[in-house]
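Working notes for the structure below.
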Amino acid sequence: MKHYPLLTIDHEAIRHNMQTVIGWCSNAVIDVVGVIKGSTGMASVALDYEECGAKWIASSRLEQLKRAREAGVKAPLMMIRVSMISELEEMAELCEYSLQSSTETLDALEEVLSKKDMTHKVILMADLGDLREGIFDKEELVKVAAHIENDLPHVHLAGIGTNLGCVGSVVPTKEKMEMLTDWAEAVEDSIGRPLEIVSGGATSSLMPVMDNVMPAKVNNLRIGALVLCGPLEDYRTCYGREEADVLSDEAFTLEVEVIESGIKPTHPVGELGVNAFGERAEYVDRGERKRVLLAIGRADYGDIEALVPMLGGAEVTMASGDHTVMDIEDCNADLKVGDKVKFKLKYSAILRLTTSENVYKEER
């Protein structure tokens with residue numbers, strides 16, 4: 001007997017998407033880091049990525065990388081959130097690579113590694129304007145890179161990298177990638193050797209790959225979101241690129257049970273304050289319409305915009321922590337209590353649903 005809400009994970013679709021992305025990158029001589037954080041670090045997803053040819057498995061959470069290793073992943077592990085000093089010992093023992101940006105953290109990492117007689121590879125992050133992690137000044141980046149190379153014998157500078165399109169919404173244009181190349185060459189001139197890795201960013205950095213304008217020096221991308229969501233999330237990750245249409249948007253789907261069905265007003269009745277999340281929402285009065293109430297809420301998936309009904313004409317209109325309202329006035333379906341409805345999912349919903357202990361998971 002199936003239990004609901006039910007999140008279904010289609011591994012064939014995941015592998016198809018990753019194989020397609022790796023094919024695009026391979027044509028540009030770029031290696032792919034398979035990022036599993038969007039699936040809350042599902043070990044089975046990590047194994048899919050490795051099977052498809054991802055050269056590294058990465059996450060922003062050590063516990064997720066630990067699960068991947070315990071599940072049999074043999075590829076090098078990469079920590080892609082800049083490390084907390086408090087987790088350096090565990091990170092060094094588990095991961096072969098990490099992204100770093102702070103001299104204080106790098107010095108602390110050297111101390112940890114020297115005590116264990118270990119080496120660890122780092123990618124020094126450059127902030128090219130998105131204002132998340134990274135060193136904002138080119139000369140400072142070169143200075144820190146030289147410090148790693150000359151003063152930290154247990155820390156190996158594998159390369160430099162950047163992140164774009166996450167915090168500051170900066171588009172990874174050809175010009176930004178050329179800027180990264182320029183900074184990488186400045187580091188190489190300073191340390192007197194070539195870098196193994198120049199990491200051009202995450203999924204959004206596939207755009208210059210698609211346009212055949214990615215500088216040759218960029219040889220690494222950290223990919224996760226587009227593999228999990230396909231073209232459904234394309235406007236967030238690749239700005240409506242038609243190349244993504246060949247990907248599956250059903251790697252993760254959600255099935256939910258109807259717990260109430262009927263006709264109600266579309267505008268709340270009475271004096272309005274705030275909703276369950278302290279928000280002052282705006283409502284459009286469309287008169288009385290047929291709607292259903294679903295046994296899932298924002299506590300499980302986040303924002304209603306992250307749910308895409310697979311039932312034609314249906315529209316998710318509002319939700320509390322445990323309930324979701326869906327308008328079905330324009331559908332060719334008369335849903336009753338006990339019926340099930342399915343959704344495709346955007347990235348934020350996948351991230352939350354794979355985390356939620358109140359959602360059942362089925363892998364196939």
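The values are calculated or read from the model by the stated rules, or taken from the named source; none is laboratory data. These numbers were taken from a predicted model, which means no experiment stands behind them. So basically every Cβ, Gly included, is an ideal-geometry build from the backbone, and we count neighbours across all protein chains shown.
The set of residues in region 71-116 being in contact (Cβ under 8 Å) with a residue 24 or more places away in the chain, farther than 21 Å from residue 197 by Cα and in a loop (DSSP other than H, G, I, E, B) consists of 71, 72, 73. When the test is whether a residue is of a type in the set (A, V, I, L, M, F, W, C), in contact (Cβ under 8 Å) with a residue 60 or more places away in the chain, outside the structural domain of residue 32 (by TED's automatic domain parsing) and in contact with a Cys (Cβ under 9 Å, 6 or more places away or on another chain), residue 206 does not pass it. What number of residues within region 24-50 satisfy the criterion of being surrounded by fewer than 24 Cβ atoms within 10 Å (Cβ to Cβ) and aromatic (Phe, Trp, Tyr)? Matching residues across region 24-50 total 1. Taken together, 196, 140, 111, 178 contain a single residue that is touching a Gly at 6+ places or on another chain (Cβ under 7 Å), in the same structural domain as residue 20 (by TED's automatic domain parsing) and not aliphatic (A, V, I, L, M), which is 196.
Which members of region 117-127 meet the condition of being surrounded by 19 or more Cβ atoms within 10 Å (Cβ to Cβ) and not in a strand (DSSP E or B)?
Selection gives 127 alone.
Screening the candidates 54, 58 for the property of being outside any helix (DSSP H, G or I), over 30 Å from residue 151 (Cα atoms) and in contact with a Gly (Cβ under 9 Å, 6 or more places away or on another chain) yields one hit, 54. Taking residues in region 254-276 that are under 16 Å from residue 327 (Cα atoms), and partners anywhere that are part of a loop (DSSP other than H, G, I, E, B) and of a type in the set (Ser, Thr, Tyr), the pairs with Cβ atoms closer than 8 Å and at least 6 places apart or on different chains are 256/4; 257/4; 266/283; 267/283; 268/283. For region 65-91, the candidate set comprises residues that are charged (D, E, K, R) and in contact with a strand residue (DSSP E or B) (Cβ under 8 Å, 6 or more places away or on another chain); within that set, the residue that is farthest from residue 163 (Cα to Cα) is 69. Confirm whether residue 308 is more than 22 Å from the chain's Cα centre (by Cα), at pLDDT 95 or above and under 30 Å from residue 42 (Cα atoms). The answer is no for residue 308. Of all the residues in region 145-158, those that are crowded, with 23+ Cβ neighbours inside 10 Å and either of a type in the set (Lys, Arg) or under 18 Å from residue 81 (Cβ atoms) (or both) number 1.
Take residue 66 and decide whether it is modelled with pLDDT of 95 or more and outside any loop (DSSP other than H, G, I, E, B). The answer is yes for residue 66.
Only one of the listed residues (198, 170) is crowded, with 20+ Cβ neighbours inside 10 Å, within 24 Å of the chain's Cα centre (by Cα), part of a loop (DSSP other than H, G, I, E, B) and among the β-branched types (Val, Ile, Thr). That residue is 170. Residue 32 - would you say it is in a strand (DSSP E or B) and within 18 Å of the chain's Cα centre (by Cα)? Criteria met by residue 32. If you go through region 182-231 and keep only what is farther than 21 Å from residue 127 by Cβ and of a type in the set (Gly, Ala, Ser), you end up with 192, 216, 230. The requirement of being farther than 17 Å from residue 252 by Cβ and not in a strand (DSSP E or B) is not satisfied by residue 47. Within region 344-355, residues that are part of a loop (DSSP other than H, G, I, E, B) reach partners that are of a type in the set (Ser, Thr, Tyr) with beta carbons closer than 8 Å, at six or more positions or on different chains, in the pairs 354/39; 354/40; 355/40.
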